[in-house]
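Please read the structure below before turning to the comments.
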Amino acid sequence: MSDHIALSLAEAHALGCKALSSQGFSAAHTQAITDVLIAGQRDECHSHGLYRLPGVVQTLKTGKVDPVAMPEVIDHAPGVVRVDARFGFSPLAFNLGRPKLVEKARRQGIAALAINNCYHFSALWPEVEAIAAEGLVALAMTPSHSWVAPAGGKRPVFGTNPIAFAWPRPEGPPFVFDFATSAIARGDIELHRRDGKQLHEGWAIDSEGNPTTDPTAALAGAMLTFGGHKGSALAAMIELMAGPLIGDLMSAESMAYDAGAGVAPMHGELLLALDPKVFLGEDAPKHIARAETMFEAIVEQGARLPSQRRFAARAQSDANGVSIPKSLYEAIMALAN
Ligand code: NDP
Ligand code: PYC
């Protein structure tokens, strides 16, 4: 018997919604959270797909997140929109803040969306893709919990701090990358532990500061940044720009706020949107075409664009649905019932 359960995307979405609404999330949060979980599952981003749903409910059960919080959208400055998520999960806050971000970027060429006081569990690419779908260039970043040691150090300071970028293209999907500034996402370390797999060397150190490939020792020790001092500097930048700059917590502060509960981080997120039409005026098509020559130069030599795997997985899942481990299916069914 298979240890996986096959579901159509509609079945998977309905299951996710049933589980979250049964646990007390408002209809708006249920929809927004399920949308990003199913998007992750559909695109085979397993560390941020349905596997996250039990953790979302766990965050609720500790009494930490407000499952019915209605985010407040604040027109803060000509180029800045803020959304106070009011201690709810972030996807609904992003959905409600996005129209104002797009409007401001179209008017001025550049605008920022600062989300505050949000619990955060999701990948960032759904958000930068949504902004790129409006014809805008997008950048997003957020801290997490302090799990990651700085280059040359042994103790966690940074979060896994993802950064995502999207560039709209005249045809087809946008150019998108989205990665943790740690060598790998925390969720992937947890999946390695669940599946009994060893980590790659260079991903983590144990609690004594020694290199380890054991996921349990890594979870108790510290993760490492990608690219040594370069990833470390980027992780610090994300702490600053999506922390103090927007008046919100850094990863170490989020970890302290968690107070050992071991649930989703609570902090802010910063998104930037830039409108090529404002930067370039009537020359926009000429310069956008030059960008296309760079993409062609990458793929014509057999290299792939970031997100190419994800878009291929999306096409497969749109046609054939998804499959999830039976144990995960049963855990979500239990929450739904
Ligand atoms: P990966 O290392 O799996 O992928 C990073 C990026 O590189 C993706 O855009 C990926 O595209 C691309 N890529 C991978 N291999 C290649 C290749 N050979 N050539 C070109 N491009 C390539 O991501 P991470 O493990 O670092 O992060 C996974 C997710 O975790 C992200 O979506 C991130 O937002 C999320 N995350 C969220 C956090 C939070 O606090 N909310 C914290 C940390 C991570 P493709 O997808 O097509 O493979
Ligand atoms: O996988 O590192 C991670 C992560 C942290 C918060 C959400 N995802």
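Mind listing whichever residues of the range 312-331 are exposed (fewer than 15 other Cβ atoms within 10 Å of the Cβ) and of a type in the set (A, V, I, L, M, F, W, C)?
312, 315, 319
The condition (being modelled with pLDDT under 95, part of a helix (DSSP H, G or I) and either closer than 30 Å to residue 292 by Cα or open to solvent by less than 50 Å² (accessible area, probe 1.4 Å) (or both)) is satisfied by just one residue among 187, 97: 187.
Among the residues of the range 302-331, those that are within 21 Å of the chain's Cα centre (by Cα) and among the hydrophobic types (A, V, I, L, M, F, W, C) comprise 305, 311, 312, 313, 315, 322, 324, 328.
A quick yes/no check of all residues on (1) modelled with pLDDT under 95; (2) within 16 Å of ligand 2 (Cβ to nearest atom):
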{"position": "262", "(1), (2)": "yes, yes"}
{"position": "265", "(1), (2)": "no, yes"}
{"position": "281", "(1), (2)": "no, no"}
{"position": "299", "(1), (2)": "no, no"}
{"position": "323", "(1), (2)": "no, no"}
{"position": "331", "(1), (2)": "no, no"}
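Of the residues that sit in the range 222-260 and are assigned to a helix (DSSP H, G or I) and among the β-branched types (Val, Ile, Thr), which one is farthest from the chain's Cα centre (by Cα)? Ranking the candidates gives 246 first. Among the residues making up the range 112-124, those that are open to solvent by 10 Å² or more (accessible area, probe 1.4 Å) and not in a loop (DSSP other than H, G, I, E, B) are 112, 116, 117. Residues that are open to solvent by less than 80 Å² (accessible area, probe 1.4 Å) and out of contact with any helix residue (DSSP H, G or I) (no Cβ under 9 Å at 6 or more places or on another chain) within the range 263-290 comprise 281, 283, 289, listed in sequence order. Within the range 188-229, being charged (D, E, K, R) and in contact (Cβ under 8 Å) with a residue 12 or more places away in the chain holds for 188, 190, 193, 197, 201, 206, 208, 214. Given 222, 204, 217, 236, which one is at pLDDT 95 or above, open to solvent by less than 60 Å² (accessible area, probe 1.4 Å) and more than 17 Å from residue 151 (Cβ to Cβ)? Being at pLDDT 95 or above, open to solvent by less than 60 Å² (accessible area, probe 1.4 Å) and more than 17 Å from residue 151 (Cβ to Cβ) holds for just one of 222, 204, 217, 236, which is 217. Among the residues of the range 125-169, those that are assigned to a loop (DSSP other than H, G, I, E, B) and of a type in the set (D, E, K, R) comprise 134, 154, 155, 169.
Considering the range 40-54, the residues that are over 13 Å from residue 121 (Cβ atoms) and part of a helix (DSSP H, G or I) include one that is farthest from ligand 2 (Cβ to nearest atom), namely 42. Within the range 125-156, if we keep just the residues that are open to solvent by less than 20 Å² (accessible area, probe 1.4 Å) and small (Gly, Ala, Ser), the residue that is nearest to ligand 2 (Cβ to nearest atom) turns out to be 144. Given the condition crowded, with 23+ Cβ neighbours inside 10 Å, of a type in the set (Gly, Ala, Ser) and more than 13 Å from ligand 1 (Cβ to nearest atom), answer yes or no: does some residue in the range 157-178 qualify? Within the range 157-178 (the criterion being crowded, with 23+ Cβ neighbours inside 10 Å, of a type in the set (Gly, Ala, Ser) and more than 13 Å from ligand 1 (Cβ to nearest atom)), the answer is no, since none of the residues qualifies.
The values are calculated or read from the model by the stated rules, or taken from the named source; none is laboratory data. Every value quoted in this text rests on a predicted model; they were computed, and no experiment measured them. Here Cβ is always computed from backbone atoms with ideal geometry, including for glycine, and neighbour counts include all displayed protein chains. Just so you know, the surface numbers come from the protein's heavy atoms only, side chains and all, with ligands and any DNA or RNA stripped out. Shrake-Rupley method; radii C 1.70, N 1.55, O 1.52, S 1.80 Å.
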